[in-house]
Each structure stands twice: as structure tokens, then as C-alpha cells.
Amino acid sequence: MPNSFPFKEEVLAEREEVRRRREEERRKKKEGKKEEAEGNGNEAKGTNGVEANGNGLKVGLQVDSDDETTKEEDSDMSYEEGSDEDEEYLEEDEDVEEDDDGAAIEDNEESEWEGIPSTPSEDGNGEISDVDELTELNTARNSAPPPHLKAMNRSDLLIFVLEACAPEATRLPDVEAWAQKKGKDALFVLNGAGTHSFWSY
Amino acid sequence: MELVPTPFGRIDIEIVPPEVLQAWTEYLSSIFPTISVLNSESLHQHSLTPSKSLSILKSKIQETSKTATLLGLPQVGKTSLLNDLRNRQVQSKPTSVLRAYQLDNTEVIDTPGTFPPKLNPLLPFLLGMKASQENITALINVLDVMGDKWYKQLEEVYEMPALVRPMKGNRFINPTKDLLVHVARKFGRVGRQGPNLEGAAEIVGSDCASGKIKWWTLPPKTAES
């Protein structure tokens, strides 16, 4: 920021204040967590919660009063606090990831097979054979099992829906080959013939 | 094959004429049984009506299977077809999960769209994806097979002089570049480094996807003959 900038000092002071407030909030959170962790060990939950809250507020007020008086100390502290911040962020992120992953997996399991009860194969090792089939299919997303395979295995008729304009472009040759290999009945449906309505512009 | 202006600013465009549909049905029947479904009343005299074609498909499904799975690329109309079969008028959103529906005694499973490992260069014109120069070359090849009047369609839509036609063995003739240069000039896609051909390709691609430029492909045997 150039020296000629009007209200330079005020702007810088404001920024410092914002930074300081954020640091304080983080410090409060951290201390609150520590107290909770210590309190959970022996004492009853209700009383601990109240004490911890009280301490947190007191600490927060004290820090406020310190910060208002000493700016230089804060600027030095901010760097040290930065490392703590990183640690905190990492901890938080890890927690979030764990939670998210857990939820995502559960969601997928529910939604992917909604309405379709899974039937294990006769061999008893359905999962492994599914993955093997998958590598044969070599779909675009080769790394993850396509959700359709289970449905395809279960059904006696595969209906390939093709665009009437360009049926060849909308075919799925690998899935067709799989159907022929497995002896499944299949059907091509040329969809989209007739008139199409579009918004004129 | 006429443009029919309808109220509310919509136009109905005939996509595939009956003879082409018949040719495709014959070609694909050599691989698997094929049924063509008319999704709306046609401007041409097709041998089937939308309701009749649907009832044929429905009876075929119920005869052959207890469980059937609908497969195909995204936006080819799997869910819409299933809704038509179930006689439900639902404005369908892109399908993201497998869903099973009961069609009388048959269970029909609707699936999200699948892409083949190797994408066809004509797909952007069907799915409204971003088209590149390679895609336009594929379109030019389709138009070349279909005949001279399809070039004239392009010339009329973009109001440009006669396009050069592809000529075998002459590498200096590049109809794709010719078309894209004209489109880039018309739409002001010319920068310091010359016409922006990729930008022009996107324009042509979106016009094909929206139906402004009519096109369809012919089955391989017909193309050869």
C-alpha cells in the first residue's frame, strides 16, 4: 500500500483488528476443546460444561484487553499462531473428511440400489466376479465398478436405447458384446424419431 | 422435412425421415431385434404412430422378460421412454441412480447414462457438448454422404458463399476449415491471430444440437451403396 494512500493507518489498523479477532476466536475454541477433553475424563458432564464456558469467556476478555494495548506483540504472535492455525485446520479437516466419507459411502449404498434388492451370485463370491466382469467391460470409468452391472446381470432383457439421428454414435459396443457373450436377450430401440420441438431463436 | 412455426416461439423439426429409419431398423436387426419408437406425431407418413410403436415395444418387453434394463448414453431418452411406457407424463430430470419400476408383470430398471470407452465424434451434436474441429470434420463427412443439398442447408443457415466440397487425394481442400472460417467471420470471431476456428466450431455444434441445422446419419450399407 503506498504511503500516499489516504487513511492508510486506519485501514491497516482495521485489518489488524480483524486478524486479531479471528485469532482470539480460534484460541477460545482450542481452549474450550482442551477443557472439554480434560473434563470428560472424571467429572459429570453438566457441571463441566458450565465451568468450561465460564473459563472460555474470561480468557477471551483478558486477551481482548491485552490486544488493544500491544500491537507489536500481536504482529509477532500472529506468525506463531499461524502454525497453530494450520494444526487446527488439519485436525478439523481430518474430522470433516472422516465424517463426509462415512456419510457419502452410506448414501451411495442406499441410493445406488434404491428399489433393487441385491442378490448374491450362486458362487457365493459375487463381489469378486463383479469386479472381474468390470475389467472386461472396460467402461469409461474403469477404476470404479459401474452400477449397471448388477442390474444387467439380474435382468433377462437389455434394452439399448439409441438416438434415431445417429444410432451408430449412441451404441455401447462393449456392453453389447457382454450381452452376446452372456447370452442375454437384447433389443435396440430407435428413440427420438418423429418431430422434435425446439425453441426458435 | 419442413420447418413448421408453432405458437409460443417453438418450432417442430422433422429429424429422421421414414426411409432412413427403415434402413437403420434393417441394419440393426442383423445384430439384435430393433423397434423404432416415434415420440411424437411425424410430418412424414411413417408406418407407425407413436402410440402403436409404444404398444409394440411394451408387448415385446413383457413377452421376453421378467426383468429388463434400459441402457444407453445420457440424454437419449431412456427415462422419457419408460415414462411413456408407464403412461406417465413426468418432466424427467437427468437420472443419477438406478430405479426399478413395475410395468404390469415386468420389472424395468432405469439406469443413468453410460458412455462408451471410445466416444464418437458426432456425440457433441447429439448431447449439446462443446464441439471441436474434429467433430465438425465428422459432420462434414456425414453431410457429404447425404448429398449436395445438405451443404446448401449450411450455406443458407450461415448465409455464406458456396462451400468447397471434400475431394479425395487433395489435401489442400479442407471443407471444415472453409466452413469454420466463414462462420468465424460472420459471428465476429476473428482476432489478431486470424479466425477463431474453435469458437466457430462451438457455434456450429450448438446449432446442430438445437436443430437449427438438420442432420442424420445413414447406416453403413446404405452409405456404401
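Coordinate-derived values only; no laboratory data. Note that the coordinates shown come from a computational prediction; the quantities given were computed from them, not determined experimentally. Positions of Cβ are generated from backbone atoms using ideal geometry, with glycine treated the same way; all protein chains shown enter the neighbour counts.
The table that follows gives values for the structure above.
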{"item": "Cβ neighbours within 10 Å from other chains - mean over A:170-177", "result": "5"}
{"item": "Inter-site label distance for A:R19 and B:S51 at 7 Å from Cα along Cβ, in nm", "result": "7.6"}
{"item": "Charge-dipole axis of segment B:65-115 as Lys and Arg at +1 and Asp and Glu at -1 on Cβ define it, positive-most pick from B:P94, B:T114, B:L82", "result": "B:P94"}
{"item": "For segment B:123-224, convex hull volume per residue from C-alpha positions, Å³", "result": "103"}
{"item": "Trypsin sites (Lys or Arg not before Pro) lying in DSSP loop within segment B:84-188, provided at most 13 other Cβ fall within 10 Å", "result": "B:R88, B:K118, B:K130, B:K168, B:R171"}
{"item": "Potential extension, B:V97-B:D144 segment - 0.36 nm per residue separation minus Cα distance", "result": "12.9 nm"}
{"item": "Residue mean of other protein chain beta carbons inside 10 Å, B:138-144", "result": "1"}
{"item": "DSSP-assigned coil residues among GluC sites (Glu not before Pro) in segment B:150-201, each with at most 10 further Cβ atoms within 10 Å", "result": "B:E159"}
{"item": "Segment B:65-115 shape via C-alpha gyration tensor axes, a/c threshold 1.5", "result": "oblate"}
{"item": "Prolate/oblate/rounded label for segment B:122-179 (Cα gyration tensor, a/c 1.5)", "result": "oblate"}
{"item": "Estimated distance in nm for a label pair at B:S132 and A:E9, the labels positioned 7 Å out from Cα along Cα-to-Cβ", "result": "6.0"}
{"item": "Residues B:R192 and B:F115, FRET efficiency given R0 of 35 Å [Cβ-Cβ distance, rounded to 0.05]", "result": "0.40"}
{"item": "Number of partner chain Cβ atoms within 10 Å, mean per residue of B:57-66", "result": "3"}
{"item": "Inter-label distance for A:K182 and B:D104, nm, one decimal - labels placed 7 Å from Cα along Cα-to-Cβ", "result": "2.5"}
{"item": "Calculated FRET value between B:Q75 and B:N170, using beta carbons and R₀ = 35 Å, to 0.05", "result": "0.40"}
